[in-house]
Structure formats: C-alpha cells, structure tokens
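Notes follow the structure.
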Amino acid sequence: MSEVLVIGATGTTGSRLTSFLRERGVPVRPAARKADRPGFVRFDWTEPETHAPALSGARAVYILPPPAVPEPAPLVEPFLHEAVRQGVRRAVLLGTSARPERTPGAAALYELVRTMLPEWAVLRPSWFMQNFAGRAIALRRRDGELISATGAGRAAFVDAGDIAAVAGHALTDPEPHNTEHVITGPEALSYDDVAALLTELGAGPLRHRPVGQDELAAHFAAAGMPRAYAELLAALDTDISTGSEDRVTDTVERVTGRPPRSFRDFAAAELR
Ligand SMILES: NC(=O)c1ccc[n+]([C@@H]2O[C@H](COP(=O)([O-])OP(=O)(O)OC[C@H]3O[C@@H](n4cnc5c(N)ncnc54)[C@H](OP(=O)(O)O)[C@@H]3O)[C@@H](O)[C@H]2O)c1
C-alpha cells in the first residue's frame, strides 16, 4: 500500500491524524518544515522544491493549508498540480466552518481540491477545543480574563481528535467522500459557558470579557499575528456573536461511528 502524506504533522490535527493512521496500520509519511523526527519528510509551502520529493509514492494527502496566509491558493495550486502529475488520487483539505464569503482564501482552496482531484473531502470544522489548552489559550488571555468578540454567541467547539478521525476516514474509506464535512462538537457553548466550565474544572478563576472586534484584532496583532490575519480572526468572532456557529452536526458520529467528545470531557482530561 502506498503512503498517506500528512502535511502539518507536528500540528494539532496533523499529529492526531498521524497517530490515527499508524494505529490502523496505514503507511503514513508525516511532513513538517524540519524532518528531524523518525519517518518525517521535509515539506515547506514556501519552498516548492520540497513538494515533489514529499509527494513521491503517495496515493493520498492531508492538506493543512499554509498557516496564517490570507490568500493561500498561489502556494497550494502548484502543489496540487504536482500531486496529480504524480498520480495522487485523493486529497483531504482542512478548511473552516466559517462562512466562505468571510474566508475567500479558504473557499478558493475548496474549489481547487474539488475540481482537481478525482477523490476529495473538505473538512470544515468549527472552533477547536484545543484553543483553550496549553499555550493556545494565551492568545485570548488578558489580565486573568478570557477575551472574545463573540458576546453571548455560541459555537459548537470540536475536539481535534474528532477532526483527525473524520480526516482519517476520508483518507482511507474505500469509497471517496467527495463532499464538504461541517464538523462540530456535541453542543454549542458561549465563551461565558466555556469560562465557567474551565473554572469549575480547575483552570480558573477565569471570566469571559466581551470586547469589540477592533480591540480583539489589536490584541491578536500585539501577540505577533500578522495584521491581516488578526483582523480576519477577530471578524469571525463577530460572526459567532450573530449566531453563525450556533449549530451542531452529526458528522463525527456518521463518519466515525462514535459520538464527538464533549467540552467537559476534553477540559477534564486537559486539566488533569
Ligand atoms: N483553531 C481553530 O479553532 C480552527 C478552527 C477551524 C479551522 N482551523 C484551521 O486549522 C488550521 C490549523 O490547523 P492545526 O491546528 O492542525 O495546525 P497547527 O497546530 O496550527 O500547526 C500548523 C502546522 O503547520 C506546519 N507549518 C507551519 N508553517 C509551514 C510551512 N510554511 N510549510 C509547511 N508546513 C508548515 C507546522 O509544522 P512545522 O512548524 O513543524 O513545520 C504545523 O505542523 C488553520 O488552517 C485554521 O484555519 C482552525
């Protein structure tokens, strides 16, 4: 069996996907900018000369788009041409549940994958539970509070392990999915709910402080995020405040055969 190339294999979804595939005996080729771990291949979106060697012998690829790049298509399209040239049949792209009109760069990638590969899936997950764990939570912490521009809006936060499981099925199921999967956790929660749960489970006391979109963008930029990307992310918070993420799908259970992890289970495990 030829291999599955996993781009972003050191990241939140890619590392979990690599484990998922290995546990099932699927040959995996994890990729990252430094190939300094066993079995890794070097891959950098900004270094096209790394693309062909990384793809050699692969039959399927998990595409983690170039991080924090508002217009990624010019980097991804030549890669897909090379993949097709080398006989890759299937691609699974990590997108976002955000409205395509809000994320034109991501939507352009959906179109490329859908039209260039005979077998494909676009994953459109809601916001990750992992944003509230480890170093990631620092991005929204300010003076002991959790800041957002979501107001009282709710999002169905999803565990990255569940996203990886959907990706694993989309890459290896005998029948290609050839569809977009909107992936959510089991319930929609507000940032007030999240702060209360994290406090109850020992990460607090933590209070949610609603802020304006501009203030949030400035906070993200001050933390080192490219300005354009900071503004895009802050605008997505405003979308949540108007209900854009207040819905639950059955994708995880339908694709993997088991229900998605709850935020409570996630937080209890993370804070153990
Ligand atoms: N967080 C959320 O709530 C959320 C919600 C919906 C969608 N998303 C989407 O999820 C994506 C992030 O996925 P993730 O959390 O799994 O990733 P991540 O944890 O942010 O990791 C990024 C990965 O990309 C790799 N990388 C960075 N620069 C690279 C480059 N120039 N070339 C090749 N690889 C590079 C990194 O590996 P090395 O540094 O080792 O090379 C790392 O493995 C974004 O596209 C975002 O839009 C996120």
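The values are calculated or read from the model by the stated rules, or taken from the named source; none is laboratory data. Remember, predicted model here, so these are calculated numbers, not experimental data. The area values use the complete protein model at the heavy-atom level, side chains included, leaving out ligands, DNA and RNA. Shrake-Rupley method; radii C 1.70, N 1.55, O 1.52, S 1.80 Å.
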The stretch 184-243: C-alpha pair distances exceeding 17 Å, %: 52
May I have the convex hull volume per residue, in Å³, for the Cα set of the chain? 126
Treating each Cα of the stretch 133-272 as an identical point scatterer and ignoring solvent, apply the Debye formula and state log10 I(q)/I(0) at q = 0.12, 0.13, 0.19, 0.20 Å⁻¹. -0.55, -0.64, -1.18, -1.24
For the chain, the accessible surface attributable to carbon and sulfur atoms (probe 1.4 angstrom, ligands and nucleic acids excluded) amounts in percent to 51
Show the residues, 5+ positions off or on another chain, whose built amide H is closer than 5 Å to the amide H of residue 128. 158
Note, ³J(HN,Hα) from phi for the stretch 19-29, Karplus 6.51, -1.76, 1.60, rounded to Hz, x at Gly and Pro: 5, 4, 5, 4, 4, 9, x, 7, x, 10, 10
Choose one answer from 234, 155, 203: the residue with the largest mean-square fluctuation in a GNM of the chain with alpha-carbon springs under 10 Å. 203
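Calculate, for the chain, the solvent-accessible area per residue in square angstrom, rolling a 1.4 angstrom probe over the heavy atoms of the protein chains.
Solvent-accessible surface per residue comes out at 44 Å².
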Return the inverse of the average 1/r over all pairs of distinct C-alpha atoms in the stretch 219-258, which is the Kirkwood hydrodynamic radius, in Å to one decimal. 12.3
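Any chance you could run the full-extension gain for residue 52 through residue 179? It's 0.36 nm times the residue separation minus the Cα-Cα distance, nm to one decimal.
Working: separation 127, 0.36 × 127 = 45.72 nm, distance 2.64 nm.
Here the answer is 43.1 nm.
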